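Just below is one structure, and these are the notes that go with it.
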Amino acid sequence: MAWIEIAALALAALAGVLGLFVFRERKARGRFQILADIAAVSDAGRPLDETLDAICAILVPDLADFCMIDVFGEDRVPRRAAVRVAPGGPPDADRGLVERMPSTPPRMVEEGSSLEPRFYERMTEYDVRGLAHDEDDYGFLRGLRMRSAITVALKARGEVTGTLTLVTAWSRRRYRRGDARFAWILAGRVALALDNSGLFADLERAERARAEIAETLQRGLLPPPLPHMPGWSVAAMYRPAGAENEVGGDFYDVFRVPGGWMLVVGDVTGRGAHAASITAVARYTLRTVAMLDDDPLVALQTLNRALLARGDTALCSLAAMTLSEDRLEPVRLAVAGHPPPLLVDGERVEEVAGSDPVLGAFADASWSIARCGVEPGQTLVVVTDGIAEAQGTEGRFGEARLHAHLGGATNPGLAVQRLEGSLHAFTEGRLEDDVAVVAIARASVPALVEGRAGEAPIALPDREGAHA
């Protein structure tokens, strides 16, 4: 019978070994799942507080009866960021843990922080008193009935940014050395989640700031209302392709020059803040030049030097024209890399100037002046390339369609209205690039008002201009 007893003992031993193996395999599988769940939380891009709460929910109760995550501020003072308590603990344990000041090991806070875990395999009264801040805190900690505890540093990108504390108590489990090693591995995943969430929060703050800056720039750089220009009728339209807080590159402006007005329509490279900065340079350079000179060539040459002086890629296409108060003077035009202005005369639409080099590209570039007489009934139209390049179900809007819709437009307001309506229908309201249109015409012959005896008649200026 001895061999039967030996066999029974062997089977019992084998069953024990198998049971231990199964236990360890399940434990390892559970820990791999914990690491995978924390990695998923890390990749979710949630706000910081939600990320830390989700991590604590993964760890409790499977790995701890309660856990705390503390983070360090710029002053390196720990603050409690998340707490999770498993069922079965003392009343108000969660509130007490949230409100108490963390018992963070000083060596984890100091510069050159130690990553060695603080490990209590068997928590003693002496250990509890060492963690307490005062007698009241000692009473609270003692009431938690802590049995084992592990505190590990959270280090990311070379800096300790906080700590994770795991504690067993009323479940009567104890941590072993292997648990402390796993907690050290776990800390790396938690630190990564903490870092990712912090970076996400930084990006959110940066994006909000960027949007606020862009919105401010948009308000400051939107085309201004058109002024009243005696002797001229004018209409304009500007439609940005992006969101309202996305600054575009198209612009137009009208301002006084000696003896009349200067009207400019331009398009700068890029979008967003970079485009806004170039637009600001263009508009205010041109306005400054206009205070001194009415020559479109001087305006182009000065702006070209200003863009080259920036030292970056700052290109601007521009059509500049001077409108004289003298009804006998033709419009003077200078075009730099811009779609040529179009003269609408009944059904006939023709280009009235060539296009010279774009601004900001060449220091030795030169431009020429074209002159265009605008007779009563004719309309001079300047558009940015966003119109011809607009895409719809039929392909590109194109120059031929542009000319066709302008043909027969008898005044600036009608020309702008036709282009806006046809472009909207063609693109179904989805613009891929900004568009701007400015149209001008000679005002109708002024009505004469009889003056008093011996006085000349008074000419009333026409206020027909429209602004979209």
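No value in this document is a laboratory result; all are computed from the given coordinates. Here the structure is a predicted model, which means the values were calculated and not measured. Neighbour counts run over all protein chains shown; Cβ positions are idealised from the backbone, glycine included.
Annotations
- Looking at region 49-151, the GluC sites (Glu not before Pro) that sit in a DSSP loop and have at most 13 other Cβ atoms within 10 Å of their own Cβ are E74, E110, E111.
- When the convex hull of its Cα atoms is viewed from all sides, region 222-459 shows a mean projected area of 14.0 nm².
- Per-pair calculated FRET efficiency, R0 = 56 Å: H274 and D94 via Cβ, rounded to 0.05: 0.65
- Under the criterion of Cα pairs below 8 Å and six or more residues apart, the relative contact order for region 222-459 equals 23 percent.
- Gain upon complete extension [D326, R430; 0.36 nm per residue less C-alpha separation]: 33.3 nm
- Every Cα-Cα pair in region 30-202 was counted, and those over 21 Å apart are 43% of them.
- Phi angles across region 256-263 convert, under the Karplus curve 6.51 cos²θ - 1.76 cosθ + 1.60 with θ = phi - 60°, into 3J(HN,Hα) values of 5, 10, x, x, x, 9, 10, 10 Hz, Gly and Pro given as x.
- Net +/- balance of residues flanking A290 in space, Cβ distance below 12 Å, scoring K and R +1, D and E -1: -1
- Sorted by Cβ neighbour density within 10 Å, fewest at the top, the residues C67, C316, C372, C56: C372, C56, C67, C316
- Computed FRET value (nearest 0.05) for E116 with A404, which takes r as the C-beta separation and R₀ as 56 Å: 0.10
- Other residues within the sphere of radius under 11 Å centred on the Cβ of D53, judged by their own Cβ, net out at 0 (K and R +1, D and E -1).
- As a proxy for reagent exposure, ranking W367, W232, W170 by other Cβ atoms within 10 Å from fewest up yields W170, W367, W232.
- Stretching S368 away from A40 to a fully extended chain increases their span by 111.7 nm, per 0.36 nm per residue minus the current alpha-carbon distance.
- Extension gain (nm, one decimal) between R173 and R396, 0.36 nm per residue minus Cα-Cα: 73.0 nm
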